[in-house]
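The structure appears right after this line, and notes come after that.
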Amino acid sequence: MEHVPTQLLPATPEHIALAAEVLRRGGLVAFPTETVYGLGANALDADAVARIFAAKERPAADPLIVHLSGAEQLPLVARHVSPLGQALAEAFWPGPLTLVLPKQPQVPAAVTAGLDTVAVRVPDHPVAQALLRAAGVPVAAPSANRFGRTSPTTAQHVWHDLRGRIEMILDGGPTPVGVESTVVDASASPVRILRPGGVTAEMLEAVVGPVTVEQRAVEEGGAHGLPSPGLLRTHYAPRAELVLYRGRRALNALRTDLAAALAAGRRPGVLAMDAEAEALAAPGALVYRLGADLEAAAQRLYAGMRWLDGQGVDVILACDVAGGGLGLALRDRLSRAASRVVIAD
Ligand code: TXA
Ligand code: MG
């Protein structure tokens, strides 16, 4: 791949103006959103969009999300918005909600992987907002990680994955939500969640009534025929093998396996909520605390996986997360990251 010098810059107004210029000229800029860092290109420039796929090593069959500065830009990329979609946009934009809508012909096929729909959102982050306004064009942006790795929640994560492949990274600090946006098909009734995320099912239901959640994982082994081609099972994986513990006796089973791994001279790491981390403290075990509540856990999940990877662990043991709200998105990401699930009832 062609080597591109990467500038890592604090997201000052001057650097945001520079980044907007890079986008307008067909370059690639990673920037913070409220969910995770995105890797942006002018969504109406097919060559620029092609470079996103190359930089990430992302399969062309996985479509991108188009970011707008506001709903008033919708006609640039979408042909039509259903009344339910309209209600959701009004309730949650700017914010971590992505709507799948019928696409405008001027959106290049590369953005939507040839689908006749386009995924769109208006991010709620001051740097993303300022960049989108300054660029003046819709910006296609997947998460700014190498394909198959966990999404980046800091500029350093982006640097680690994409330096030498993109023109610029705007550093706006750690992202506040920490898991990706909720992807919703609002042309269906009831509204269908294709990917759980920062806007919870309960929040959606308060606006549009009962919603359904797409549970069809890619156990069948391919993205073909899936409603959301990004739902690959290993989409959010750390480098180390991740084993997920589920069920009433999950904590016990994890503790037993942790002791066995340590005794065998392995180097295990643990991901656990604060309350469970207490019970798992063992000499020699690296325990990453996800925090006391689901909001903290969402913010820290990907950073935790990357941190444990950086510590050179050979296996990550994780306790499944309970609860509604962000619990749904957390369980989704954990089960996609897992190479094995242990059910202990
Ligand atoms: O929070 C987020 O959504 C972040 C930030 C950067 O905005 N972006 C993100 O993008 O997570 P990405 O590319 O990693 O995930 C995009 C998701 C994938 O699951 C993809 O399949 C789905 O959106 N998607 C995109 N276009 C679609 C379409 N036309 N129909 C159904 N699903 C679509
Ligand atoms: Mg992604």
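The values are calculated or read from the model by the stated rules, or taken from the named source; none is laboratory data. Just so it is clear, the structure is predicted and the values come from calculations on it, not from any experiment. Note that we place each Cβ from the backbone using ideal geometry, even for glycine, and neighbour counts take in every protein chain shown. In case anyone asks, the SASA skips ligands and DNA or RNA and just uses the protein heavy atoms, side chains included. Shrake-Rupley method; radii C 1.70, N 1.55, O 1.52, S 1.80 Å.
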>> Can you give me the angle between helix 13-24 and the longest principal axis of the chain, using Cα atoms only, in degrees from 0 to 90, rounded to the nearest 10?
In response: 70
> Quick one: Cα centre-to-centre distance for segment 304-335 and segment 1-65, in angstrom?
Replying inline: 27
>> Net charge within 11 Å of G291 by Cβ-Cβ distance, Lys/Arg positive one each and Asp/Glu negative one each, not counting G291 itself?
In response: -1
>> Less than 14 Å Cβ to Cβ from A71, Lys/Arg counted +1 and Asp/Glu -1: what total charge do the surrounding residues give?
In response: -1
> Rounded to the nearest 5, what is the percent of antiparallel bridges among the DSSP beta bridges in segment 7-213?
Replying inline: 55
> So how do 251-262, 322-333 stack up, highest first, on mean other-Cβ count within 10 Å?
Replying inline: 322-333, 251-262
> Rounded to the nearest 20 Debye, what is the dipole magnitude of segment 7-213 about its Cα centre when Lys and Arg each give +1 and Asp and Glu each give -1 at the C-beta?
Replying inline: 440
>> Given a 1.4 angstrom probe, I'd like the percentage of the accessible area of segment 241-343 that is carbon and sulfur, rounded to a whole number.
In response: 52
> With the other protein chains left in place, how much accessible area per residue, in square angstrom, belongs to segment 7-213 at a 1.4 angstrom probe?
Replying inline: 35
>> Over segment 241-343, what is the relative contact order in percent, taking alpha-carbon pairs closer than 8 angstrom and at least six residues apart?
In response: 43
> What is segment 79-187's relative contact order, in percent, from Cα pairs under 8 angstrom and six or more apart in sequence?
Replying inline: 33
> Around E241, which amide H atoms from residues at least 5 apart in sequence, or from another chain, sit under 5 Å from its own amide H, with H modelled in the peptide plane?
Replying inline: I316
> Of all accessible surface on segment 24-147 at a 1.4 Å probe, what whole percent is carbon and sulfur?
Replying inline: 56
> Sorting K103, K56 by accessible area (1.4 Å probe), largest first, what list results?
Replying inline: K103, K56
>> Could you compute how much accessible surface R58 exposes when probed at 1.4 Å, giving the result in Å² to the nearest 10?
In response: 30
> Using a simple spin-label model with points 7 Å from Cα along the Cα→Cβ vector, what separation in nm is obtained for R25 and A322?
Replying inline: 5.5
>> Full-extension gain between E2 and A188, please, as 0.36 nm times their residue separation minus the C-alpha to C-alpha distance.
In response: 62.7 nm
> Which listed residue (L280, G26, P10) has the Cα farthest towards the positive end of the charge dipole for the chain, taking +1 on Lys and Arg C-beta and -1 on Asp and Glu C-beta about the Cα centre?
Replying inline: L280
> Taking 0.36 nm per residue of separation and subtracting the Cα-Cα distance, what length does fully extending F147 through D314 add?
Replying inline: 58.0 nm
> For helix 294-310, what angle does its Cα long axis make with the longest principal axis of the chain, in degrees from 0 to 90 and rounded to 10?
Replying inline: 80
> Summing -39500 (n - 2.57) over the DSSP H runs of n ≥ 4 in the chain and dividing by its residue number, what mean residue ellipticity at 222 nm do you reach, to the nearest 500 deg cm²/dmol?
Replying inline: -10000 deg cm²/dmol
> Based on DSSP, what percent of beta bridges with both residues in the chain are antiparallel, to the nearest 5?
Replying inline: 35
> Using mean Cβ contacts within 10 Å as the protection proxy, how do 298-311, 78-91 order, highest first?
Replying inline: 298-311, 78-91
> Contour minus end-to-end for R79 and R340, with contour as 0.36 nm per residue of separation and end-to-end as the Cα-Cα distance?
Replying inline: 89.7 nm
> Against the longest principal axis of the chain, how steep is helix 126-135, in degrees 0 to 90 to the nearest 10, with axes from Cα atoms?
Replying inline: 30
> Assigning unit charges at the beta carbon (Lys, Arg +1; Asp, Glu -1) and nothing else, what dipole magnitude in debye, to the nearest 20, does the chain show about its Cα centre?
Replying inline: 640
> Do you know the relative contact order of the chain, to the nearest whole percent, from alpha carbon pairs under 8 angstrom that are 6+ apart?
Replying inline: 20
